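These notes concern the structure reproduced below.
The values are calculated or read from the model by the stated rules, or taken from the named source; none is laboratory data. Computed from a predicted structure; not experimentally measured. Backbone-built Cβ (ideal geometry, glycine too); neighbour counts: all protein chains shown. Only protein heavy atoms, including side chains, enter the accessible area calculation; ligands, DNA and RNA are left aside. Shrake-Rupley method; radii C 1.70, N 1.55, O 1.52, S 1.80 Å.
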Amino acid sequence: MATFLLVHGAWHNGRTWDRVVPLLQSAGHRVFAPSLTGYGDKARLLGPEVGLGTHIGDVAGLIEDERLDDVVLVGHSYAGMVISGVANRVPERIAHLVFLDAMVPEDGETAVDVQPITKQLIDVAVDGWRVPPMPEQPPPLGLFGVTDPDDVAWLRSILSDQPVRCLQEPVKLDDPAVRTIPRTHIHCVAGRPAGITRRPVPAGERVRELPTGHDCMITMPVELAGLLREAA
């Protein structure tokens, strides 16, 4: 039995994983899929002071509170920043890092450094600190790669604004132990928006692909669960 900790990306919340969690649990694994501060059941906490450090603290705190070890830590999209910071804080608790169509930072980088197009979102932030969810686009892009009308409606109902500070705070990766944690990169290779770039994966790190859009946990949950089990 493995312990999975699934961390959602910007604008989303823990319910994003609703189709994946039971698949992993039915295979005998322990699964956590929390909402980060400012989203889902924690939406009331959304404010300009919420940043990357807040979200790193959310996840590291859960690991400490639940006394989790040998964690398969999965970060989707923006949460690649989050799981990197968590791994730096508690590397001895992490068995595997999975970057799910995610940002993969180096020490001292912000989300803008990793994905420069993010600067355009900051420039149009509401009240100077809130970035609304991305609008739906024609297929194959859809809403975060989701195109089925029912799924789009459901996804839209759970999205929240993203605090600018999450995109501006740098991540600290100064513990050499972080680089010893095995890594898997899962790339969603269909319907990628213009301007989104992906850094080369270092030699020796596992790469897997899914022929779907960004929110693969909604569009291909069975296939995603299978790839996650590979990392267990």
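Relative contact order of segment 134-215, taken over Cα pairs closer than 8 Å and 6 or more residues apart, is 37 percent. Classify segment 185-232 as rounded, prolate or oblate, taking a ≥ b ≥ c as the square roots of the eigenvalues of its Cα gyration tensor: rounded when a/c is under 1.5, otherwise prolate if a/b is larger than b/c and oblate if not. It comes out oblate by the Cα gyration axes. Note on segment 17-81: with charges restricted to the Cβ of Lys and Arg (+1) and Asp and Glu (-1), its dipole about the Cα centre is near 220 debye.
Need one word for segment 10-101: rounded, prolate or oblate. Basis is the Cα gyration tensor (sqrt eigenvalues a ≥ b ≥ c); a/c below 1.5 gives rounded, then a/b vs b/c decides. Since a/c reaches 1.5 but b/c is at least a/b, the shape of segment 10-101 is classed as oblate. Averaged over residues, the count of other Cβ atoms within 10 Å places the peptides 171-181, 3-13 in the sequence 3-13, 171-181, highest first.
Packing, taken as the mean count of other beta carbons within 10 Å per residue, orders the peptides 191-197, 78-84 from highest to lowest as 78-84, 191-197. Oblate is the label for segment 162-204. Its Cα gyration tensor axes, ordered a ≥ b ≥ c, give a/c of at least 1.5 and b/c at or above a/b.
Each Cα pair under 8 Å and six or more residues apart adds its sequence gap; the mean of these over the residue count of the chain is a relative contact order of 24 percent. At q = 0.10, 0.11, 0.17 Å⁻¹ the log10 of I(q)/I(0) for the chain amounts to -0.40, -0.50, -1.34, computed by Debye summation with a single uniform scatterer per C-alpha, solvent ignored.
Normalised per residue, the accessible area of the chain is 43 Å², obtained with a 1.4 Å probe and no contribution from ligands, DNA or RNA. Dividing the mean sequence gap of close Cα pairs (under 8 Å, 6+ apart) by how many residues segment 106-163 holds gives a relative contact order of 27 percent. Close amide H partners of VAL146, meaning residues 5 or more places away or on another chain with modelled amide H under 5 Å apart, are ASP215.
Carbon-plus-sulfur accessible fraction, the chain (probe radius 1.4 Å, protein heavy atoms only): 52%.
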